[in-house]
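The values are calculated or read from the model by the stated rules, or taken from the named source; none is laboratory data. Here the structure is a predicted model, which means the values were calculated and not measured. Don't worry about glycine lacking a Cβ; one is built from the backbone with ideal geometry, like all the others, and counts go over all protein chains shown.
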Amino acid sequence: MKGATSLFRFLDDAAARGERSALVTITDVIGQSSRAPGTHMAVTENGDYHGSLSGGCVEAAVVGEALRIMASGVTEWLRLGVGSPYIDIRLPCGGGLDLLIVPDPARGSIATVRHMLEDREPVALAISRDGALAVERPTSITGCRWRGKAFVAHHHPDLRLMILGHGAETEVLARLALGYGAEVMVLSPDPDIVARLAGSDIAAALLKTPARSDHLRTDAYTAVVMLFHDHDWELDLIGQALEQEALFIGAMGSRATQARRLDGLRVRGVPDDMLARLTGPIGLIPATRDPNTLALSVLSEIAALYQSYIVTLQ
């Protein structure tokens with residue numbers, strides 16, 4: 001599910017405050033639904049919740065059921081929608097959801113899932129019908145499904161954008177990606193951009209030279225976006241990114257700019273098989289010139305790649 005990291009952080013933080021909570025999981029979908037098996041919702045004893053199981057049509061009812069189950073302390077499986085005894089709760093799509101609601105989920109397991117996702121590792125959480133939790137480091141991702149008497153939910157690290165650049169595009173893309181729910185890290189030679197973004201809770205660091213940066217670290221769930229108008233800043237950094245695993249590596253500019261960029265990287269000894277991983281021009285909307293459209297265009301391209309990558313792992 002998208003946003004799993006923040007959901008398990010929500011549960012772990014509630015436990016740290018001494019608040020009781022419940023973990024709600026969709027285990028099966030009957031007919032149509034806007035959410036898939038493996039989607040979670042977290043509810044605390046004061047009625048706060050994180051995540052959603054529908055388009056807003058059952059969340060209030062789920063909170064009420066979670067509070068009741070917290071009071072009983074016994075894990076329950078229940079159905080909402082079609083085939084449910086709760087005749088007053090209906091999903092507009094006409095489908096049904098099977099939910100497993102675990103009161104007071106084991107904090108150790110919740111914290112482990114949180115930290116694995118924060119460390120950029122995929123994780124599987126096996127949830128037994130009696131509420132026992134087991135955290136697994138998956139050797140393969142096989143989707144979210146029942147395995148005997150336990151439902152296994154697989155979760156991936158959130159999409160992360162490493163944005164390197166200066167100018168308005170850098171700042172606009174960082175804020176848009178944060179609103180989308182991605183992790184964001186900005187590296188810029190512009191101290192004003194770094195200060196503004198850091199003040200808005202976006203991780204940002206100053207690039208003092210065009211040389212390689214210790215901050216540029218990627219993984220299979222990370223997209224690297226170069227937004228330099230002065231292309232002398234980008235070549236060493238692109239070479240560093242190409243040496244690492246990444247979901248996407250792309251740079252702003254025209255086709256002519258991309259051709260010059262590739263020539264410059266070849267001079268630095270970057271082989272053609274690595275250069276094939278470098279996207280340029282970037283974005284789904286061709287020849288965009290204003291920062292907002294470019295940011296939307298680039299983020300859409302990356303979000304689609306991330307979704308496709310997650311689907312291939314199911």
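Structural remarks
- Boolean, residue 139 is over 21 Å from the mean Cα position of the chain (by Cα), among the polar types (S, T, N, Q) and more than 20 Å from residue 249 (Cα to Cα): no
- Residue 170 in a loop (DSSP other than H, G, I, E, B), among the polar types (S, T, N, Q) and either modelled with pLDDT of 95 or more or surrounded by 13 or more Cβ atoms within 10 Å (Cβ to Cβ) (or both): no
- Of note, residue 205 satisfies the criterion of being touching a His at 6+ places or on another chain (Cβ under 8 Å), surrounded by fewer than 22 Cβ atoms within 10 Å (Cβ to Cβ) and among the aliphatic types (A, V, I, L, M).
- Pairs where the first residue, in the stretch 280-295, is farther than 18 Å from residue 234 by Cβ and in the same structural domain as residue 231 (by TED's automatic domain parsing) and the second is polar (S, T, N, Q) and crowded, with 17+ Cβ neighbours inside 10 Å, C-beta under 6 Å, 6+ apart: 284/297; 285/297; 288/297
- Considering only residues in the stretch 217-247 that are in a loop (DSSP other than H, G, I, E, B) and among the small types (Gly, Ala, Ser), the one that is nearest to the chain's Cα centre (by Cα) turns out to be 220.
- Residue 27 of a type in the set (S, T, N, Q), more than 20 Å from the chain's Cα centre (by Cα) and under 18 Å from residue 97 (Cβ atoms): yes
Each row is one residue, and each column tells you yes or no for (1) farther than 18 Å from residue 181 by Cα; (2) touching a residue at least 60 places away in the same chain (Cβ under 8 Å); (3) touching a strand residue (DSSP E or B) at 6+ places or on another chain (Cβ under 9 Å).
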| residue | (1), (2), (3) |
| --- | --- |
| 7 | no, no, yes |
| 14 | yes, no, yes |
| 26 | yes, yes, yes |
| 38 | yes, yes, yes |
| 49 | no, no, yes |
| 62 | yes, no, yes |
